[in-house]
Amino acid sequence: MIAQIWQYVLGGVVDGAIFALVAAGFVLIYQVTGIINFAQGEFVMVGGMTAASLAAAGMPPLGAAAIAVLVAACVGALSYLLAIRPARAATGVTLIFITLGLDVALRGLALFVWGTNPYSLPAFSGGNAVKLFGGALPPQAMWVLGTDLIVFAALYLFFARTYAGTAVRAAVANPPIASTFGIPLRTFAFASFVVAAAIGGLGGVVITPIPGVQYDAGLTYGLAGFVAAVLGGLDSLPGALLGGFVLGIVEHVAGGLLSPGWEQGVGFLILVLVLVLRPQGLLGRAVRRA
Amino acid sequence: MSFAPANAHGRVALVVLAVVAAAVWFLPAYYTGLLTLIGIYSLVTIGLNLFMGYAGQVSLGQAAFVGIGAYTSAVLAVDLHVTPWLGAVGGAAVAALVAYVLSFVALRLRENLLALATLALGIVINVVFNEWEFIGGSSGFKDIPGFTLGAFTFDPRAYAILSWALVAAGIWFAGNLVRSSFGRTLIAISAGELGAQALGVDPEKLKRQTFVLSAVYAGVAGAVYASYQSYIDPSSFSFLLSVNFVLMSVIGGLRSLWGAVIGAAIVVALGQVLQALVPLVLPSARGDFQQFFLGAVLIAILILLPRGLAGRLSEARRA
């Protein structure tokens, strides 16, 4: 029984790692622009689909991965330029509708490009499953966890140690004053979409060898990413990391013990509880009733 | 609150109902089916427009209330042999009850967080549909009895007329509502809750009443849908359907009752047209690719015509 639960936990860690990456994208965009980007999951799908279809066409994995991240970043850039920026006068609810429309449009676009067939991607490295206290992780899980480590370390260093990162923090803390000091808010908003999309795309590339990918995969990633982001705190990057892993583990254990159908249900029950009891999330700072 | 026996909305609705009732005798079965679907979706969207457009809130879980109405009516009809007419009343009542209970959770939140909470509740309810064996679990409910009137069992034409009669009634009721002090107070809430509160309005209570009313519209629509299709399963009421209701609502025009009908008609009709035309240009196109255009239309409308198509039309009329 214990061994079984441990195996569920390990499975949850792999899912949690990808949820954390999606959540990081949410948090970046939300912090910089105040927008909840309902299309975040689609960046993961675009990354996974691009890498998988290029690899299927015979391109070496590393090249396919690099192009996939680039394509995802471009999709993020175009999303901002075509859908978000022209609506800059819009307020809260309208922006929700716009990113929802973006999500629907990107999923429909994927149907044109890739059709309804599922794609798969070979694992980046061969070898045996990694044993850990009697449980097992697929070798690809190491790539996923390593990606988390690198992405979150890079984000931390950027915000804590660089001039540009400090400027972004200033812009988040007080946009009008930051703007007075010449901080380009709009450029930061653009950049947040590009970086969030690239992170999502990278996540899609490294996770795809495990579950495969198809045109509507972004929905699941996006929904799980929200829960993780809200759970951790919408304004906290460490919260996104923590929220992702907590959600992945809780979902897997609950799904294993109850029934697979409850996996998602438990995640969303948690989301409701967090929204009601602690809207700032586990590591978030202030209660923002917006 | 005074209710006029007929308002402008109600009169137009009667004309539209008469046109539909006449048209179904000439239209091929395929178009009658589309009309029925548009009617059912319109009903949901009218309720959603009251909540989103007039009260200024957001719901990404409306499909769950349609599902609750459908399942309630199906259980009543199949297990307890209750006529679908009462089933629809029961479906609306259960949907209203669930909305009432959930409103204490969801309506404390605003904008972004309200969107996430309604999304989450909708998905949790869908998981319950999937996992609850009593209502068929993932395999759904089969052989749901149809509506009857005396010895007459409803055929597709009768369903088209029934759904549009409900649209007419729904528009008439909502038309009275939005012109009453209740409707004006809702608009005040959407303009700013603090200001409304200062005038002695209880925003919490009004938002709750509107949310429950939107669930009643959705519940009735769900009950009609269940009998019309005679088969339902959890995937019929997924998050994607909730998103489609938002598309209809926003494309038609949030703060407009006819906008709901226009939006539902555009989403259904444009979907069918694109499904027929696009494969001629791109033979590889498969699946629900029309969603790409609908999403793009939604964004374009929000940027170019923030009040939706219906808002645009009424501006043009005034000018």
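A short reminder: the numbers here are calculations on the coordinates, not readings from a lab. Note that the structure is predicted; figures quoted are calculated from it, not measured. Here the Cβ positions follow ideal geometry from the backbone for every residue, glycine too, while neighbour counts run over all protein chains shown.
Observations on the structure shown:
- Residues in the range A:180-197 that a label on A:Leu81 would reach, taking backbone N under 17 Å of a point 7 Å out along Cα→Cβ: A:186-197
- Each Cα pair under 8 Å and six or more residues apart adds its sequence gap; the mean of these over the residue count of the range A:126-248 is a relative contact order of 17 percent.
- Taking 16 Å as the straight-line reach from the Cα of B:Lys142, none of the lysines fall in range once those fewer than 8 positions away in the same chain are excluded.
- Computed FRET value (nearest 0.05) for A:Ala129 with A:Trp6, which takes r as the C-beta separation and R₀ as 25 Å: 0.95
- Screening chain A for whole DSSP H helices with an alpha carbon extent of at least 20 angstrom along the helix axis and a mean Kyte-Doolittle hydropathy of at least 0.5 yields A:2-33, A:40-56, A:61-79, A:92-114, A:139-161, A:185-207, A:217-232, A:237-257, A:262-277.
- Taking 0.36 nm per residue of separation and subtracting the Cα-Cα distance, full extension of the segment from A:Ser259 to A:Arg278 would add 4.1 nm.
- Using the Cβ-Cβ distance between A:Ala89 and B:Leu270 with R0 set to 35 Å, the FRET efficiency from 1/(1 + (r/R0)^6) comes to roughly 0.85.
- Cβ crowding within 10 Å averaged over residues, with B:201-214, B:127-140, A:204-217 ranked highest first: A:204-217, B:201-214, B:127-140
- Helix content alone sets the calculated 222 nm mean residue ellipticity of the protein assembly as shown: runs of n ≥ 4 DSSP H residues at -39500 (n - 2.57) each, divided across all residues, give -24500 deg cm²/dmol.
- Taking the range A:146-177 and a reference point 7 angstrom along Cα→Cβ of A:Arg285, the backbone N atoms nearer than 12 Å belong to A:169-175.
- Based on alpha carbons, the Rg and Dmax found for the range B:8-238 are 18.0, 57 Å.
- For A:Thr116 and A:Ala173, the FRET efficiency from 1/(1 + (r/R0)^6), where r spans their Cβ atoms and R0 equals 51 Å, is about 0.65.
- Hits among aspartates and glutamates - C-alpha to C-alpha of B:Lys205 under 15 Å, sequence gap 8 or more where chains match: B:Glu193
- Compactness of the range A:115-188 - radius of gyration and Dmax, Cα, Å: 20.5, 58
- Value of D in µm² per second that Stokes-Einstein yields for chain A, Kirkwood Rh from Cα pairs, at 25 °C (0.890 mPa s): 128 µm²/s
- Spin-label zone in the range A:209-251 - amide nitrogen under 20 Å from a point set 7 Å from the Cα of A:Leu62 along the C-beta vector: A:209
- Relative contact order (percent, whole number), chain B, Cα cutoff 8 Å, 6+ residue spacing: 32 percent
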